[in-house]
Amino acid sequence: MTQPAPSVLIVSGPSGSGKSTLVQKILELPGTMLSISCTTRPPRRTENAGKWYNFVTESEFQQMVDAGEFLEYAQVFGKNWYGTPRKWLEKAFAEGKDLVLEIDVAGALQVKQKLPEAVAIFVVPPSRSDVEQRIRARGQDSEDEIHRRLERSRQEMLKFPSYDFAVINDDLERAGREVQAIALASRCRMARQEHHIREILKTFGG
Ligand code: 5GP
């Protein structure tokens, strides 16, 4: 039986909204795969290369930009560069899997422009104090940095109308079910099922 063309699922939202946990929920669904971003940010102690990120130097990143290897890329917090290599798109399509992108708001808007059929999920933090708590819990940022991140989150919140779905991240159980439901429902969109339906129609004699 012919499989429908895979979806691109963008999980995005303001910094500190808790996107990564929801991405893991989607990846529990069979037939999904993660797009591994390249970043110039140094790895944190807990991070292994190739799991969530491929860590590259600025010149390696620039070479990839020049070679047109990125579907999208952005500089986050005016510091480090992050990009989604196109090769994941090709791999997901070859394997018939849904590709999950966990990217910032600027990157999400670029992907929606290039791939309008991509499904963009906006992960909404329940409040500013919730974001502040998350940032502080990581214990990695100075007071100045915390204020910069909070202001950036506010600016990013304003971009919500560009997204297809919104998930309020105030209850992990419910939010997890919601992102999974969006991923499953996007597989049933008519644009993706049309070919499949035509195949079935043939069994009716066309
Ligand atoms: P962190 O350094 O905390 O892992 O990520 C910082 C921000 O960069 C997060 O908002 C994350 O979603 C975003 N990010 C991660 N990978 C990419 C990517 O490939 N492209 C873009 N545009 N943003 C990304």
task: Enter the Cα centre distance for the pair the range 180-196 and the range 51-77, rounded to the nearest angstrom.
output: 31 Å
field: Distance in nm between pseudo-label sites at Asp164 and Ala137 (7 Å out along the Cβ direction from Cα)
entry: 2.9 nm
Accessible surface, the chain, averaged per residue in Å² (probe 1.4 Å): 55 Å²
- request: Please report, largest first and rounded to whole Å, the three semi-axes of the ellipsoid equivalent to the range 131-193, where each semi-axis is the square root of five times an eigenvalue of the C-alpha gyration tensor.
  value: 32, 15, 9
query: Once the piece of chain linking Glu151 and Leu172 is laid out straight, how much longer is it, given 0.36 nm per residue of separation minus the C-alpha distance between them?
result: 5.1 nm
field: Above-threshold pairs, the threshold being 29 Å between Cα atoms, out of Lys112/Lys202; Lys25/Lys112; Lys114/Lys202; Lys97/Lys202
entry: Lys112/Lys202; Lys114/Lys202
message: I need the calculated FRET efficiency for the pair Lys51 and Phe204, taking r as the beta carbon distance and R₀ as 35 Å, to the nearest 0.05.
response: 0.15
- prompt: Round to a whole number: what % of the accessible area of the chain belongs to carbon and sulfur, probe 1.4 Å?
  reply: 54 percent
query: Share of antiparallel DSSP beta bridges in the chain, in percent to the nearest 5?
result: 30 percent
- request: Percent of Cα-Cα pairs per 10 Å bin, from 0 to the last occupied bin, for the range 79-206, please list those.
  value: 10, 31, 33, 17, 6, 3, 1
message: Give me, ordered by chain and number, the residues 5 or more places off Ser37 or on other chains with an amide H under 5 Å from its own placed amide H.
response: Asn54
Unit Cα scatterers, Debye sum, the range 11-126: log10 I(q)/I(0) for q = 0.12 Å⁻¹: -0.41
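The values are calculated or read from the model by the stated rules, or taken from the named source; none is laboratory data. Quick caveat: nothing in here was measured; it's all calculated off a predicted structure. Positions of Cβ are backbone-derived with ideal geometry, glycine not excepted, and every protein chain shown enters the neighbour counts. Surface areas here come from the heavy atoms of the whole protein model, side chains and all, with no ligands, DNA or RNA. Shrake-Rupley method; radii C 1.70, N 1.55, O 1.52, S 1.80 Å.
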